[in-house]
Amino acid sequence: MHEAIELSKKGMADKEGGPFGCVIVKDEIIIGRGNNKVTSTNDPTAHAEVVAIRDACKNLNSFQLEGCEIYTSCEPCPMCLGAIYWARPKAIYFANNREDAAAAGFDDSMLYDEMKCSIAERKIPITALGRTEAIKVFEAWKLNEDKIKY
């Protein structure tokens, strides 16, 4: 956790983004590192956890983090939590919580609230479109014997 917190300090000092850091550990060795780089890369998905997942997966040559532990300086936001679940590590540890983040100006409560709403009630309009054509691709996927399952 100390390394994740140090990454949060360094990223902030280097003006790469917000004060967030993350490391991913496998067999007691850090295999992925990340700090928030949203503002320096103009990438709203460049949160510390996502950057660390990308680094760890590249280093493992895998899209899964099986057997890994994630140490992050703050409770993961909904986007990062989704990415973490897709990566399938064995554990997540965090330092600051979402209330601490909100008090520092990083309030994700609207996102948590939006997830509870039906599609029709969400703040950004969401409309289904093109399913007749798109469903054919899913059907082809189901029949594809060469696919890599995940």
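The values are calculated or read from the model by the stated rules, or taken from the named source; none is laboratory data. The shown structure was predicted, so the numbers you read here are calculated from the model rather than taken from an experiment. Counting neighbours? That spans all protein chains shown, and the Cβs are built from the backbone with ideal geometry, glycine included. Only protein heavy atoms, including side chains, enter the accessible area calculation; ligands, DNA and RNA are left aside. Shrake-Rupley method; radii C 1.70, N 1.55, O 1.52, S 1.80 Å.
Relative to the longest principal axis of the C-alpha atoms of the chain, give the angle of the C-alpha long axis of helix 131-143, reported between 0 and 90° and rounded to the nearest 10°.
Roughly 80 degrees, rounded to the nearest 10.
Taking a 22 Å limit on the Cα-Cα distance, which of the listed pairs K58/K136; K58/K90; K90/K149; K58/K147; K116/K142; K15/K58 fall beyond it? Please report the intermediate quantities before stating the final value.
Numbers: K58/K136 32 Å; K58/K90 18 Å; K90/K149 19 Å; K58/K147 20 Å; K116/K142 30 Å; K15/K58 25 Å.
Pairs exceeding the cut-off: K58/K136; K116/K142; K15/K58.
Sort 135-141, 80-86 by the packing proxy (mean of other Cβ within 10 Å over each peptide's residues), most packed first.
On the way: 135-141: 9.7, 80-86: 16.1.
Listed from highest to lowest mean packing, they are 80-86, 135-141.
At a Förster distance of 35 Å, what's the computed FRET efficiency of I29 paired with K9, Cβ-Cβ distance as r, to 0.05? Can you show the working numbers first?
Working: r = 22 Å, r/R0 = 0.63.
Computed FRET efficiency for I29 and K9 comes out at 0.95.
Taking all protein chains in place and a 1.4 Å probe, what share, in percent, of the accessible surface of the chain do carbon and sulfur account for? All intermediate terms of the calculation are to be shown ahead of the outcome.
On the way: 5840 of 10330 Å².
Heavy-atom surface of the chain belonging to carbon and sulfur, 1.4 Å probe: 57 percent.
Taking 1 over the mean of 1/r across every pair of different Cα atoms in the range 1-103, what Kirkwood radius in Å do you get?
On the way: mean 1/r = 0.0765 Å⁻¹.
Value: 13.1 Å, from the Cα pair sum.
Using only the alpha-carbon atoms, how far is helix 48-60 inclined from the longest principal axis of the chain? Give it as 0 to 90 degrees, nearest 10.
80
Ranked from highest to lowest mean number of other Cβ atoms within 10 Å per residue, what is the order of the peptides 24-36, 118-130?
Order by mean packing, descending: 24-36, 118-130.
Using only Cα atoms, locate the centre of the range 6-43 and the centre of the range 48-100, then give the distance between them in Å, rounded to an integer.
Rounded to whole Å, the Cα centres lie 11 Å apart.
Show which aspartates and glutamates lie in cross-link reach of K123 when reach means a straight Cα distance below 18 angstrom and same-chain residues fewer than eight apart are skipped.
Filter leaves D107, D108, D113, E114.
Using the basic label-point model (7 angstrom from Cα toward the beta carbon), what is the K142 to S118 distance in nanometres?
That separation, rounded to one decimal, is 2.7 nm.
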